[in-house]
Amino acid sequence: MWGLVAAERRRTADFLETLQPEHWQARSLCELWTVREAMGHINFIWNTTDEELMERVGRHGGDVPAASAELGKELGRKAPEELIAGLRDNAELQKLPPGARPIDALADVVLHTHDVAFPLGLEHPANADATRLVLDEVVGDNRDHYNPSGGIDGLRFEATDLDWSHGEGDLVRGKAIDLASALHGRRAPVEALTGPGVQTFRQRFGNA
């Protein structure tokens with residue numbers, strides 16, 4: 001797992017080097033963040049201690065997403081070159097915030113890189129092994145952490161570019177990375193999905 005995390009951090013750094021200056025200020029799929037701030041977020045683990053992180057969460061009344069959003073904005077003030085260097089220099093770092101697992105580190109870099117590439121209309125082909133693990137996690141035993149309760153019931157998800165499927169029922173098809181992104185609550189990738197189950201998916205995930 002950590003080998004994939006390291007490889008994806010390096011692939012993301014390579015991709016970021018292709019961006020034009022104006023791309024860094026564009027909105028990412030994470031509505032609170034620009035591209036630069038989203039990349040600030042995936043740099044956070046080597047820019048803060050566990051104590052600093054928990055203190056920040058405490059200031060937000062235990063609201064982890066709010067603390068994360070704030071930290072992403074702060075680290076997003078770093079120059080793009082610093083953010084890219086951070087990914088390269090710390091690619092092998094095996095550090096997690098309290099309560100997190102290696103799959104969370106992998107999902108972080110895979111999904112947030114797509115958060116950048118998708119709205120910019122840029123190609124960043126997803127790594128098959130990494131994306132399969134992220135998909136397995138989002139529909140697995142912890143699915144209610146990511147999805148509305150019962151959100152994927154009665155639906156069958158199939159990747160068009162990867163030998164991966166899950167569930168039984170009305171079909172929802174698309175690229176593996178678009179499925180992973182949509183299943184994690186991103187709105188825009190839903191429009192890239194096809195099949196008779198898409199409307200149900202939209203309604204359950206608040207994308208109607």
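The values are calculated or read from the model by the stated rules, or taken from the named source; none is laboratory data. As the structure is a computational prediction, the values presented were derived from the model and not from experiment. Neighbour counts are summed over all protein chains in view; Cβ atoms, including those assigned to glycine, are modelled from backbone coordinates with ideal geometry. Side chains are part of the model used for accessible areas, which takes the heavy atoms of the whole protein and leaves out ligands, DNA and RNA. Shrake-Rupley method; radii C 1.70, N 1.55, O 1.52, S 1.80 Å.
Among the residues of region 60-78, which ones are open to solvent by 30 Å² or more (accessible area, probe 1.4 Å), in contact (Cβ under 8 Å) with a residue 24 or more places away in the chain and assigned to a loop (DSSP other than H, G, I, E, B)? Answer for region 60-78, where residues must be open to solvent by 30 Å² or more (accessible area, probe 1.4 Å), in contact (Cβ under 8 Å) with a residue 24 or more places away in the chain and assigned to a loop (DSSP other than H, G, I, E, B): 77, 78. Just one of the listed residues (185, 174, 121, 140) is more than 21 Å from residue 29 (Cα to Cα), out of contact with any His (no Cβ under 6 Å at 6 or more places or on another chain) and of a type in the set (Gly, Ala, Ser), namely 140.
Every residue, every condition in (1) open to solvent by 10 Å² or more (accessible area, probe 1.4 Å); (2) among the small types (Gly, Ala, Ser); (3) assigned to a helix (DSSP H, G or I); (4) on the phi < 0 side of the Ramachandran plot, yes or no:
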site	(1), (2), (3), (4)
108	yes, no, yes, yes
118	yes, no, yes, yes
124	yes, no, no, yes
135	no, no, yes, yes
163	yes, no, no, yes
182	no, yes, yes, yes
196	yes, no, no, yes
199	yes, no, yes, yes
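Restricting the search to region 1-36, which residues are among the hydroxyl-bearing types (Ser, Thr, Tyr) and part of a helix (DSSP H, G or I)?
Once the filter is applied, which keeps residues that are among the hydroxyl-bearing types (Ser, Thr, Tyr) and part of a helix (DSSP H, G or I), region 1-36 yields only 12.
Just the residues that are over 19 Å from residue 199 (Cβ atoms) and either of a type in the set (Phe, Trp, Tyr) or in contact with a strand residue (DSSP E or B) (Cβ under 7 Å, 6 or more places away or on another chain) (or both), please, taken from region 176-186. 176 - this is the single residue of region 176-186 that is over 19 Å from residue 199 (Cβ atoms) and either of a type in the set (Phe, Trp, Tyr) or in contact with a strand residue (DSSP E or B) (Cβ under 7 Å, 6 or more places away or on another chain) (or both).
Give all pairs with beta carbons closer than 8 Å in which a residue from region 163-188 that is under 21 Å from residue 106 (Cα atoms) meets a residue that is among the basic types (Lys, Arg) and in a strand (DSSP E or B); count only pairs at least 6 apart in sequence or on separate chains. Every condition considered, the pairs that remain are 165/156; 166/156.
Pairs are defined by a Cβ separation below 9 Å, a sequence spacing of at least 6 or placement on different chains, a first member in region 19-32 that is within 11 Å of residue 120 (Cα to Cα), and a second member that is open to solvent by 100 Å² or more (accessible area, probe 1.4 Å) and part of a loop (DSSP other than H, G, I, E, B); the pairs so defined are 29/187.
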